[in-house]
Amino acid sequence: MQQADKPSTEALYGADTGVPDQFVLASDRGQQAVQGSGTQHNYFLAAASAETLPSIAPPWGRRNPQVPLRGRDALVERLSRLMSEQSEGRRVHVLCGLGGAGKTRLSLEVAHHVAAQGTEVWWVSAVDSGVFAGGMQAVSHRLGATVEQLSQANPADLVWRLLRQRRQPWLLVIDNADDPQPVLAPNGQIADETGWLRQPGPNGAILITTRDGSRRTWGPQASLHRVPELSGHDGGEVLLDLTGPLAGSRVEADALAERLGGLPLALQMAGSYLATVNTTPAAFREPSAPVTFTEYQATLNRDFARLFPSSERSNASAQAGGNEVITQTWELSLTLLQRRGIAEARPLLRLLSCFEIAPIPYGLLLHVPTMAASPLFPGLTAAGLWQALTALASLSLVTLSHDATAAEEVADNVTLHPVVRDTNRAHADVTERLDVYLPLVTQLLLRAMDIDHHSTADPAWWPVWQAVTPHASSALHLLPPNTDLPSEAIERITWPATFGAYYYRAIGRYTQSDRDIREVLAAETRLLGEEHPDTMTSRQVLAGLLENRGQLEQAEAEYRAVLAARNATLGEEHPNTLSTRFALANLLHNRGQLEQAEAEYRAVLAARNVILGEEHPDTLTSRQTLASLLDNRGQLEQAEAEFRAVLAARNAIQGEEHLHTLSTRFALANLLRDRGQLEQAEAEYRAVLAARNAVMDEEHPDTLTVRYTLADLLRDRGQLEQAEAEHQAVLAARNAILGEEHPDTLTSRQALANVLHDRGQLEQAEAECRAVLAARNAVQGEEHLHTLSTRYALAGVLRDRRQLEQAEAEYRAVLAAEIRLLGEEHPNTLTTRHALANVLHDRGQLEQAEAEFRAVLAARNAIQGEEHLHTLSTRYALAGVLSDQGELEQAERDYRAVLAAEIRLLGEEHPSTLTTRHALGGLLRRRGQLEQAEAGFRAVLAARKAVLGEEHLHTLSTRYALADLLRDRGQLEQAEAEYRAVLAAEIRLLGEEHPNTLSTRQALAWLLHDRGQLEQAEAGFRAVLAARKAVLGEEHLDTLSTRYALAGVLSDRGELEQAERDYRAVLAAEIRLLGEEHPDTLTTRHALAGLLRRRGQLEQAEAGFRAVLAARKAVLGEEHLDTLSTRYALAGVLSDRGELEQAERDYRAVLAAEIRLLGEEHPDTLTTRHALASVLRDRGQLKQAEAE
């Protein structure tokens, strides 16, 4: 086909253009001069009449006072001031920014401001050289130049001579100088005073609008002012100005403005569109047309091209034609760069638009050899890429930035305005060449991620992952819903997104990871099919994420589905199948289904032994995990043997410092800790920590895990100060590396709260627990297992703060969630139920507490076995309730059974064994077997000193109990020495106001009371009372116990009225807090009745004792020691009232019960016999009295 000739001027405009030939020729010559080669530039124009010159009046019609200019007040004010002030210096001001940023509208507003102050304003368009030259001629004519001057003089010299002669203030606006060459010609330097652009002098100013914001272009004589995009708030106002309230709320308008990047042109188009649609009757409106801000944003996200179609795609409607403006805005800039010989700029902008709306680390991502191998960039060089990037930046199409604080690989970034990115992404250049763009985007991402050399779990590479991962799904997002692209075009396109999901999982952003992997899974299912290996891998990753997020039931379903598919397609013994079965076993382990988990572990281990060999790393991993399960099942000896066998194999095969070897050594240390071998466990932890520090960074997450566990061990050993320091250090490192809301960081914060709890800083511990709980609720969800564990810890703090009702409510909430998530028999569920029973015990609800402990014990017996440590801990707790219920014989049998099992399983010196021996000593003391009790306490004390150290809190608790026993035995001097030693240590370790310290001070005050030092005893009680009021509050149960004790001293000192007031105040508080039948409440009522007896109010005293007796019989039983003590006291009142026969009957009943329960030689038994003898004597039965 013969090539058509270029159309002539006549063909374009008609024979009569209405423009004189000389002006057309002058414009042509001027344009030819600009475009000609070499340095010769001629600006001699033919004369023109005033009628043919273009208008240089500002386009005031574009300014609508009803629609204010939003978000530009400060810039308008500053520029107006600069334009108006008369001074030497830089008087050329350049407004630069992205096309569509509103530079012209801003200039018009500035022009209006200065015109109102008497400044004359001229407006010249620089859209091309001819139009600009004509405009400058018009300025000369406006300044008085004659036709002869216009035709004979150099037009640039002429206009500047006339401008400088002017004495009134003036402003020249040069609009749309996107190609600065015509304005700067001939030499591009303002200072040379030979071209169109020169310094105006004090009376004038020049304001230029352009996309080219390069200092190199405009030189040092011009002041550059970047016109930024609008904020979401200001952009929302623009939208509402155009639509009114029809399209939605202010919040919705702001959100759409953010999505449009605050670009005024895009805001204008969006607002106009919505205004048009909302004023169109529904019958004539396109059915799917968005009518609200939210709908518009959703359509924009889903189908940008529909709202902003490119010129190649749409000329179907006036709306589409209007939208072409936004596309053409960038295309003009790209055409300008192409004319300058930078051909790579256009495909580079298209490529950059294929990535996500986030800074693009171009130094890492834009790999020149990879790009040069693509047909988009044939022969690309590094210099060519840099020239194209800087050229795009000079026209504000992209922004280049350098972050000096970032890692070197990702310090240099390029960003695109959202609308620039979206319009280029929707351009036919991209959409019709996806077979080229998709592979290139995928290759660039995979090369930047460098997965072969850098794991997503390696913090050293996290700065790179952080920069690249926002773009990981770029290729997926480019893919159309129904693609028919060749397989080589979509090969591996899901890989970057998969690796990105791995990274988000590694840093604890499970929600983002879940979202990404679901997107990958959907794409792989569509493109590759459900049974493709990549699809199965993604589905298993999803199952792991569900497990991390605590959605265990859904996770199990996913694992089972993947396992079934892999069994069918790969076979039961394929390594991938076994990896899925192993992951399923881990999940069952976490769900507390230990028997099923063990069966799965053993099956995987057997298969790996056969297929991979006994010494393959995966085989050893299976064996190690099985050992961990045995540890959890309480089979500690077998577990240790397995760990040691795996450790020996890994030492031999992989070496002592291999990470797998260290992980086994770490697991073995955990087992030693469980077995109570704390010193050996600590040595192992420290060895692993030293090795990890040598092999990897000290702040690597795995290293921090070891350090965290070591801190917990120090807590177990009672070294609370060191434990707190270690946890603080780990927390600081995790905050810095992982962020404040990462699950591991929150775990550290929780551990620190636990140490504060142990140190008696209960208020701070509660505050920390609540802060961690709030964060976990927000990040992981209310029913995530980690969240529930924090809520459980908070309940423990509340319990120790004696806020028993709140503690019970928290435990019940945790229990309900665990039953729902894990089932009634999961170890965690049973642990919470056990803790709830403890609170019921504390609240005096002994019958309910016993029922709960028995239910937990039955479940643990059935699931974990009678000798599992958890089972033994419940039997131990049940013995405590039985003891408080007065069932001392049964309690002793249970303590002895637990003790025998612990000695067998853990050894005689394990902390748990010693705790049980300590409790047994307390029971023997209650049974009056004081000599045996003392021997027991002394044995426990010696063992605790040897194992835990003299100042461990457990050691001090035994020494305190021994002091109590010595007090019972009347060895008051020795008891006082013990109390004082314990008190000194507690003050040193815990501080003067710790609850333990105050308890010891109170015990010491009781001892002084027993020794008859009532004044000192009162001073001691008053000091403890003041401290407890300050620390715990007036109605804390510990505070009330001290006030109760103080009332006893006052009573003994004869201050009966004050003592009665104190008893009554304590009683009122206890009734309010604990209820009328709580054991503590009944104890206070008993004491009050005794005081009334002392005051001679025998009738009231008898009524009080009878009420307490009835309640204790109902709550504790007729033969509970507390019940017997009240019956004994009632007998005393009856004796005082002369009712000797009834008194004798009561004394004999008490005596018979005490002989049965405590033995004939128990101090309480002997006291009762003495009282009975007194009554017999009073009744005249002297022989019987003497016998007693």
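Overview of values
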quantity	calculated
Condition broken by Gln974, with the remaining ones in (1) under 38 Å from the mean Cα position of the chain (by Cα); (2) without any contact (Cβ under 8 Å) to a residue 12 or more places away in the chain satisfied	(1)
Scan of the stretch 721-740 for residues that are within 17 Å of Leu956 (Cβ to Cβ) and surrounded by 20 or more Cβ atoms within 10 Å (Cβ to Cβ), ordered by number	Ala723
Test set (1) touching a residue at least 12 places away in the same chain (Cβ under 8 Å); (2) under 20 Å from Pro459 (Cα atoms); (3) not basic (Lys, Arg) - Ala732 fails condition number	(1)
Test result for Gln764, touching an Asp or Glu at 6+ places or on another chain (Cβ under 9 Å) and assigned to a helix (DSSP H, G or I)	no
Residue match in the stretch 740-749 (condition: assigned by TED's automatic domain parsing to the domain that holds Gly781, at pLDDT 90 or above, touching a Phe, Trp or Tyr at 6+ places or on another chain (Cβ under 6 Å) and not polar (S, T, N, Q))	no
Conditions (1) over 52 Å from the mean Cα position of the chain (by Cα); (2) not in a helix (DSSP H, G or I): number failed by Glu992	(1)
From the options Arg608, Arg633, Arg581, residue that is charged (D, E, K, R) and touching a Ser or Thr at 6+ places or on another chain (Cβ under 8 Å)	Arg608
Criterion violated by Ala15 - all others in (1) at pLDDT 85 or above; (2) small (Gly, Ala, Ser); (3) loosely packed, with under 12 Cβ neighbours inside 10 Å; (4) outside any helix (DSSP H, G or I) satisfied	(1)
Residue count, the stretch 344-388 (criterion: in contact (Cβ under 8 Å) with a residue 60 or more places away in the chain and within 16 Å of Thr442 (Cα to Cα))	18
Conditions (1) under 15 Å from Leu98 (Cβ atoms); (2) touching a Leu at 6+ places or on another chain (Cβ under 8 Å); number of the one not met by Thr423	(2)
Scope the stretch 600-617; condition of a type in the set (Gly, Ala, Ser) and farther than 19 Å from Asn586 by Cα; matching residues	Gly613
Entirely in the stretch 339-384, the helices (runs of 4 or more DSSP H) that have 1 or more residues that are among the small types (Gly, Ala, Ser) and closer than 19 Å to Pro439 by Cβ	345-353, 368-372
Within the stretch 977-993, considering residues that are of a type outside the set (A, V, I, L, M) and crowded, with 20+ Cβ neighbours inside 10 Å, the one modelled with the lowest pLDDT	Glu986
Matching option when the condition is of a type in the set (Gly, Ala, Ser) and either without any contact (Cβ under 8 Å) to a residue 24 or more places away in the chain or closer than 30 Å to Arg812 by Cα (or both), among Ala891, Ala933	Ala891
The listed residue being closer than 21 Å to Phe582 by Cα, out of contact with any Cys (no Cβ under 9 Å at 6 or more places or on another chain) and surrounded by 21 or more Cβ atoms within 10 Å (Cβ to Cβ), out of Ala681, Ala639, Ala645, Ala669	Ala639
Flag if Leu1056 is in contact with a Phe, Trp or Tyr (Cβ under 6 Å, 6 or more places away or on another chain) and at negative phi	no
Complete set of residues in the stretch 716-738 that are at pLDDT below 90 and either among the acidic types (Asp, Glu) or more than 16 Å from Leu756 (Cβ to Cβ) (or both)	Asp716, Arg717, Glu721, Ala736, Ile737, Leu738
Considering residues of the stretch 267-289 that are within 41 Å of the chain's Cα centre (by Cα), farther than 10 Å from Leu239 by Cα and not aromatic (Phe, Trp, Tyr) only, the residue surrounded by the most Cβ atoms within 10 Å (Cβ to Cβ)	Ala289
Search result, residues across the stretch 385-396 that are out of contact with any helix residue (DSSP H, G or I) (no Cβ under 6 Å at 6 or more places or on another chain) and outside any helix (DSSP H, G or I)	Ser396
Hits in the stretch 1076-1118 (condition: assigned to a loop (DSSP other than H, G, I, E, B) and surrounded by 20 or more Cβ atoms within 10 Å (Cβ to Cβ))	His1078
Answer residue from the stretch 229-259, given it is part of a loop (DSSP other than H, G, I, E, B) and modelled with pLDDT of 90 or more and is farthest from the chain's Cα centre (by Cα) among those	Gly248
Criterion (touching a Ser or Thr at 6+ places or on another chain (Cβ under 9 Å), assigned to a helix (DSSP H, G or I) and not acidic (Asp, Glu)) met by exactly one of Val114, Val94	Val114
Qualifying residue in the stretch 695-702 (condition: under 24 Å from Arg549 (Cα atoms) and not acidic (Asp, Glu))	yes
Positions within the stretch 42-92 being modelled with pLDDT of 85 or more, more than 22 Å from Pro169 (Cα to Cα) and of a type in the set (Asp, Glu), in sequence order	Asp73
Evaluation of Ala475 against (1) closer than 17 Å to Thr370 by Cβ; (2) at pLDDT 85 or above; (3) out of contact with any helix residue (DSSP H, G or I) (no Cβ under 8 Å at 6 or more places or on another chain) (one fails), failing number	(3)
Answer residue from the stretch 590-634, given it is among the charged types (D, E, K, R) and in contact (Cβ under 8 Å) with a residue 60 or more places away in the chain and is farthest from Ala862 (Cα to Cα) among those	Arg591
Number of the exception - His757 against (1) without any contact (Cβ under 8 Å) to a residue 60 or more places away in the chain; (2) under 21 Å from the mean Cα position of the chain (by Cα); (3) not in a loop (DSSP other than H, G, I, E, B)	(2)
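Yes/no matrix, rows are residues, columns are (1) modelled with pLDDT of 95 or more; (2) under 23 Å from Val1049 (Cβ atoms); (3) β-branched (Val, Ile, Thr):
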position: Gly1075; (1), (2), (3): no, no, no
position: Leu1082; (1), (2), (3): no, yes, no
position: His1086; (1), (2), (3): yes, yes, no
position: Ala1114; (1), (2), (3): no, no, no
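The values are calculated or read from the model by the stated rules, or taken from the named source; none is laboratory data. Nothing here was measured: the structure is a model prediction, and the numbers come from that model. Here Cβ is always computed from backbone atoms with ideal geometry, including for glycine, and neighbour counts include all displayed protein chains.
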